[in-house]
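This report refers to the structure that appears directly beneath it.
What follows draws every value from the coordinates through simple rules; no lab data is involved. The model shown is predicted, which means the values in this text are computed figures rather than measured ones. So basically every Cβ, Gly included, is an ideal-geometry build from the backbone, and we count neighbours across all protein chains shown.
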Amino acid sequence: MHDYELSQSYLQRAKAAGAPDAEVRIGLANNYLALGDTSRAQAELSAVSASADSAPDYQYLLAQANVYRQQHHDAQALTSFAQASNAEGEDQTAEQALLQAGADEGFRITPVVSVLSDFSVEPIFEDSTVYVLDSKLDATLPVQGSNTTLLPPPRSSLEAQWTNAYHLHLGHLPTTSGFFQVRNARGQISVPSTNSIVSRDTTDYTFNVGLNPTINIGSNVLTFNSGVQATVRRDSESPVAMNQNLFRIFTYMSTSSFFNAVSVSGYFIRESGPFTESNLHSQALAGAIDFRVGAPWGKTALVVGWGSNDQQFSPVHFEDYLTSSYIGLERRFGERLTVKAVAEDLRAWRVVGADSGIAQNLRPAGTVDFTPNRNWDMQVSTAYSSTRGFHAYDTIQNGFSISYARPFHRKFNDDSGTVVLQYPIRFSAGMQEETFFNFTGGQNQQLRPYVRISLF
């Protein structure tokens with residue numbers, strides 16, 4: 001019942017009454033894991049291992065696997081969950097944890113190399129603040145919101161993306177991760193570097209590599225993914241506006257729950273590069289920080305965060321700046337149903353030479369995620385955009401998706417012997433829809449498909 005101090009007291013009393021030392025230590029280790037105190041949990045399991053005169057049992061293997069998972073040692077966690085699942089047979093807890101570990105680590109080719117693959121087709125809808133800035137700055141004179149015949153009509157792009165990722169476990173170095181990605185987007189887009197709306201057929205070739213160190217601060221763990229990324233962008237319809245070579249430096253960070261109350265995640269990105277068909281150069285700084293307030297085992301949590309993206313173009317004096325802040329609640333109803341409601345405030349600024357414009361969007365949104373069993377997942381989302389002072393671009397976005405995951409079994413030999421690993425192969429499909437209900441000119445409703453296939 002998450003009263004861990006009382007639980008530890010009873011475990012000690014059980015030991016004094018004659019309970020086996022190994023079972024008491026495993027129970028204490030599970031307590032420390034629930035509290036995020038990974039080092040003390042590891043110490044208890046090390047004491048069990050040192051005194052054991054037989055093969056480790058299911059409870060020990062499951063606790064050891066959870067230690068590895070909290071330490072973000074995904075390869076060792078995958079092996080330990082497999083050993084626990086094999087030891088217990090058809091145990092739901094171990095099998096679900098094994099599938100999650102398989103999704104995190106990927107398909108193990110050797111003890112050093114794991115790979116993952118993902119393919120998706122999904123729409124890109126631009127935020128309503130972009131339409132407002134276009135109407136204010138693209139024309140010689142700003143277009144009023146009441147004159148919908150002259151306003152830029154609704155638009156979207158359809159994005160197809162194929163990502164092949166890898167994990168490398170090189171001795172005592174932090175895990176090395178990265179990916180090669182091919183991404184194609186077709187449709188219309190607002191281009192801030194030229195302050196214009198163009199048709200595009202853009203293909204990005206992206207190479208990424210990073211290190212994933214973990215840092216312990218007391219009983220808490222900070223996990224980083226830091227590295228570099230290069231993108232070669234080419235467009236067959238609007239090469240002058242779109243063709244660019246980009247170089248990115250990035251850091252992503254997440255933490256365990258401090259004081260069992262607050263966990264933090266965030267990122268920082270710096271990206272720059274020249275356009276290949278014009279004398280332009282871009283520089284972008286982006287970052288965000290998110291907080292989850294609530295006990296890790298609690299059913300209700302407060303979520304809050306802030307982020308920004310600042311793009312500047314030279315030698316022209318163009319700048320595109322966006323901030324987003326949000327607050328919301330997340331509630332779990334049992335193990336199968338999760339509901340999340342968020343209120344977001346987006347503010348956008350654009351500078352074009354001596355001219356500038358500002359736009360704001362208040363965006364309440366909700367998501368319902370239902371998992372009827374371990375194979376199926378259904379998600380429904382909705383969002384309402386209220387474009388302040390420019391209600392021609394008020395929108396409603398709705399979407400739904402259905403996912404089916406099927407375990408893939410594979411025998412693998414490592415230092416511990418032969419184990420049967422499991423990986424989820426997931427198929428997802430759905431639709432996303434956007435309606436500009438106040439917009440009377442042009443196509444005010446857009447319906448786009450969503451498809452995703454994740455291997456391992």
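Relative contact order for the range 197-271: 28 percent, from Cα pairs under 8 Å spaced at least 6 residues apart, divided by residue count.
Using a 10 Å cut-off on Cβ atoms, rank the peptides 233-242, 4-13 from the highest mean neighbour count down.
With the highest mean Cβ count within 10 Å placed first, the list reads 233-242, 4-13.
Remark on the chain: Rg and Dmax equal 25.4, 86 Å (Cα only).
When only alpha carbons are used to place a centre, the range 387-428 and the range 2-74 end up 32 Å from one another.
Taking Cα pairs under 8 Å and at least six residues apart, what relative contact order does the chain come out at, in percent? Numbers along the way, then the final one.
Details: 1120 pairs, mean separation 54.0, N = 456.
Taking the mean separation of contacting Cα pairs over the length of the chain, I get 12 percent.
Taking the highest mean first, how do the peptides 369-380, 56-67 order by number of other beta carbon atoms within 10 angstrom per residue?
On the way: 369-380: 13.7, 56-67: 21.7.
Ranked from most to least packed, the peptides come out as 56-67, 369-380.
Could you state the angle between the C-alpha long axis of helix 128-137 and the longest principal axis of the C-alpha atoms of the chain, as a value from 0 to 90 degrees rounded to the nearest 10? Approximately 30 degrees, to the nearest 10. Each residue, Ile215 and Val368, gets one label point 7 Å from its Cα in the Cβ direction; the gap between the two is 4.3 nm. Couplings 3J(HN,Hα) of the range 371-387, computed from phi: 10, x, 7, 6, 9, 10, 9, 10, 9, 10, 9, 8, 8, 10, 9, 9, 7 Hz, in residue order, whole Hz [Karplus 6.51 cos²θ - 1.76 cosθ + 1.60, θ = phi - 60°; x for Gly and Pro]. Rounded to the nearest 10 degrees, the inclination of helix 38-51 to the longest alpha-carbon principal axis of the chain is 30 degrees. Measuring between their Cα centroids, the range 296-329 and the range 338-382 lie 11 Å from each other.
Assuming 0.36 nm per residue, please report the length gained on full extension of the stretch Arg40 to Ser265 beyond their Cα-Cα distance. List each step's numbers first, then the result.
On the way: separation 225, 0.36 × 225 = 81.00 nm, distance 2.41 nm.
Residue separation times 0.36 nm, minus the Cα-Cα distance, leaves 78.6 nm.
Over the range 134-268, what relative contact order in percent results from Cα pairs under 8 Å that are six or more residues apart? Write out the running numbers ahead of the final one.
On the way: 282 pairs, mean separation 21.7, N = 135.
Across the range 134-268, relative contact order equals 16 percent.
Under 29 Å of direct C-alpha separation, and excluding same-chain neighbours fewer than eight residues apart, Lys340 reaches these lysines: Lys299. For the chain, the longest principal axis of the C-alpha atoms and the axis of helix 58-70 are separated by about 30°. Toward the positive end of the charge dipole of the chain, with +1 on the Cβ of Lys and Arg and -1 on the Cβ of Asp and Glu, the farthest Cα among Tyr326, Val115, Val264 is that of Tyr326.
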